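Comments concern the structure below.
The values are calculated or read from the model by the stated rules, or taken from the named source; none is laboratory data. Just so it is clear, the model here is predicted, and its values are computed rather than measured. Here the Cβ positions follow ideal geometry from the backbone for every residue, glycine too, while neighbour counts run over all protein chains shown. Quick note on the areas: whole protein, heavy atoms, side chains included, nothing else; ligands and nucleic acids left out. Shrake-Rupley method; radii C 1.70, N 1.55, O 1.52, S 1.80 Å.
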Amino acid sequence: MERSFSINNLDCANCGAKIEKAISRIDGVESAVLNFPMKKLKIHGKFGEEILDLIYKAARKIEPDVEFIPMTEHDHAHEHHHDHCCEHENEHDHHHDHYCEHYHEHEHHHDHPDIRGQEFMIENLECAHCGGKIEEALNKLEGIESAVLNFPMKKFIVKGNVDDELLARMNEVAGSIEAGVVIRAAAERSHSHEHEHEHEESLSHEIIPIIIGIALLAAAGRLLDVKPVSIILYAAAYLILGFGVLKATAKNVRSRNFFDENTLMTVATIGAFALGEYSEAVGVMLFFRIGEMFEHFAVAKSRKAITDVAGLKVEEADVLIDGEFRRVSSENIKAGDILRIKAGERIAADGIIESGESRIDTSAVNGEPVPVSVRQGDAVMSGCINLSDTFTLRCTAAADDSMMAKIARAVEDASAGKPKIDRFITRFARIYTPIVISVAALTAVIPSIITGDWSKWVYAALTFLVISCPCALVLSVPLAYFSGIGAASKLGILFKGGDSVEALGKVKAIAFDKTGTLTNGSFTVTDIRTFGGITENELLSICGSCEQSSTHPVAESITACCRERGISLDGPEKISELAGRGVSAVMNGREILCGNERLMTENNIALPESDEIAGSVVFVAEDGCIKGKIVVSDTIKKTSAGAMAALKKMGIHTAMLTGDKAENADSVGKALGVETVRGELLPDGKLEEINRMREKCGAVMFVGDGINDGPVLAGADVGGAMQSGADLALEAADAVFMNSEPEAVVKAKRIADKALRISYENIGFALAVKLAVLVLGLIGLPSMWFAVFADSGTAMLLILNSIRVLNTKKY
């Protein structure tokens, strides 16, 4: 018997291997094959219907959240048909067969959330913890396949058929969790979005009630001898600072939501007032308001890093219509249109320059600060700024399909992708508040009955209520990754999600493809050796004249070198191409041979002793005598060596995996200081090397740019692609480097490391401080001032710590 299952919630390839091994040991299972990139499990053997329970029992000891969904015959038929079509389309190319076979495995690679769906904006949501509760509740509604909350962007992405009735239910559910919350379709939100933007721009307005509250609190402290006056001043400060909290509490009570942070803060502070701790009640509300202000500031700052990218989209452009340029909306620009780009204008769509020349600022697209000179025939990308002269370009894509639009969509989509650590925070938040409130209730009752000191132990219980909401963690940890995505986008690095940032932060080894990744991917003449009194230009003239009609990249690089040196080329009287060896020609009555060592050996031409030279060698012989050799090779990118040195300094193992000849690979690897070099590898061979590196070093990132890199990108823990590479490689990658330079990989790794480190710092610090408050309260040393620091003060520190990731100067 054979059974197949699709797998959910499995993100770790190593855990997948352990699960495969565990399932193989189940009685009746003869073999189990777990396809991690495809997220599929296939088992053979003699077993009954109870097999699914046994699989769960074995697998969840390793990965508690893993799910197995039995596949139907229809699923198998569709899979077979898809694979057959894929093979048929690419049967002409062995490498394409490999790619086609593996690329589609990436459909669920790294468990990126499929966040394409209907967009809804959420208003009046200030609490990240409550947002998580709303997300969980919406996912349980019938008719919704999935709902993903992007809290910093105040946005829900919902998959499902959301009609007016379902939207009303969504609002009913959200309102029951956080009173006043409104969910609207994105199209309905233009006015409210402007209002929110104005609110973000005027965070300073929140300072006014805080300043008044501080003044009243200070005045009350000076008038403690006049108790009625001090109490009135404390009450006034409390009402000014806590008006919004009290109003939210009233709504929550009506909707029977008693675990909201506003309700808990209200109970704690009113309790403190009842116990005569006026200054502490006002202090708690003061710090709570300051914490909220910092939270709004941090979220707005990190959101700005994302929305700035979307703001680079050009609204209008000059388009050639009926012989004259007219100003039209960019939405109407399509491929083939002619645009006029004036000095100072941003380019509206990708295209090829038709006329004129200028310098353009590409920093918005690839993070490169140095302007680039462009002229007729050069390709330019949307989002770049024309710095000097007017030029025209022919669009190669519609504005909405151009690079800037893709970047904006990619960055915004990425901000909704959640890291794995977010699961821990969600689970923690689910149990933390009920546990702390239970401890508070027990602390208020049991010690009071035993000691008779109700005031002391009720006060201790109130301090627990102050720290009972885990908002600091719920917001600050995802905010670190959100900020990382925003910082990376400013440097021309596009992450596919927070999970990609987190995964890269755990990477211990990075493997690179060679051609197009560490090298420029274009052949140039790198060395010329002459024998027998001939000059370099004379040797180039002979070889270039024979090679000028060839389309082979090596031949084209030699003729290009002749053009650069101004060498005139003659036309040979006779020429024939010798497959796999070179060309033979007759020129000015002399017999010329240009080709590899094999061609020279076949014609009994003696070659001088060879030294080690990286690249393709073209020997030139005239009338049976060797005249010289021309070395053509790929050139190394300007930042490759520096990137390898930087990664090594960071403790990252570096490797180069290429299909090029071993001697060429070794030469480039040696020049760059790469630690592990493997040449002459097919895609499957690269995958095997990735697996070996994983066993030796830990999590592995692979960076490539070609179609055949697809399987390796899918098989690595993190895949990175150069923007100059194949579209399919870009789709398969977890991170895309817009300037196609290896130094971008170093920057991405530094961002990911910092985001991961900060998320761990936030978790450790928050839990330690909150635990300290609990311990002090339980041993009879309660302090509401310390409790408010543990809540609002810690929240401020953690949020400020998270937005440190936005500082791009350190990368």
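What to note about this one:
- L774 - accessible surface, heavy atoms, 1.4 Å probe, Å² rounded to 10: 40 Å²
- Residue ranking by accessible heavy-atom surface, 1.4 Å probe, largest first, among I352, I493 comes out as I352, I493.
- With the highest mean first, a sort of the peptides 568-577, 59-68, 623-632 on other beta-carbon atoms found within 10 angstrom per residue produces 623-632, 59-68, 568-577.
- Highest-first arrangement of 744-754, 480-490, where packing means the average Cβ count within 10 Å: 480-490, 744-754
- Along its principal axes, the range 575-653 has C-alpha extents of 61, 25, 20 angstrom, given from the largest down.
- More than 20 Å apart - percent of Cα-Cα pairs taken over the range 315-457: 61 percent
- Accessible surface for the range 314-385, divided over its residues, is 50 Å² per residue with a 1.4 Å probe.
- Cross-link pairs beyond the 20 Å C-alpha cut-off, checked among K133/K154; K39/K420; K342/K638: K342/K638
- Quarter the surface of the alpha carbon convex hull of the range 458-576 and you get the mean projected area, 14.4 square nanometres.
- Computed with a 1.4 Å probe on the full set of protein chains, the accessible area for C697 sits at about 40 Å².
- Candidate lysines for bridging to K456, where Cα separation is under 20 Å - those fewer than 8 sequence places away on the same chain excluded: K770
- Rounded to the nearest 10 Å², the accessible area of D389 at probe 1.4 Å: 90 Å²
- Scanning residues 5 or more positions from S146 or on other chains, those with amide H under 5 Å from its amide H are K159, with H placed 1.01 Å from N in the peptide plane.
- Dipole-positive endmost among F424, A440, S382 within the range 337-493 (Cβ charges, Cα centre): A440
- Listed residue pairs exceeding 30 Å between alpha carbons, taken from K155/K508; K227/K251; K514/K749: K155/K508; K227/K251
- Note on exposure: F120, F765 ranked by accessible area (1.4 Å probe, complete protein assembly) read F765, F120, with the most exposed listed first.
- Sorted on the mean count of surrounding Cβ atoms within 10 Å across their residues, most packed first, peptides 685-694, 160-169 read 685-694, 160-169.
- With every protein chain in place, the range 527-605: carbon and sulfur % of accessible area (1.4 Å): 44 percent
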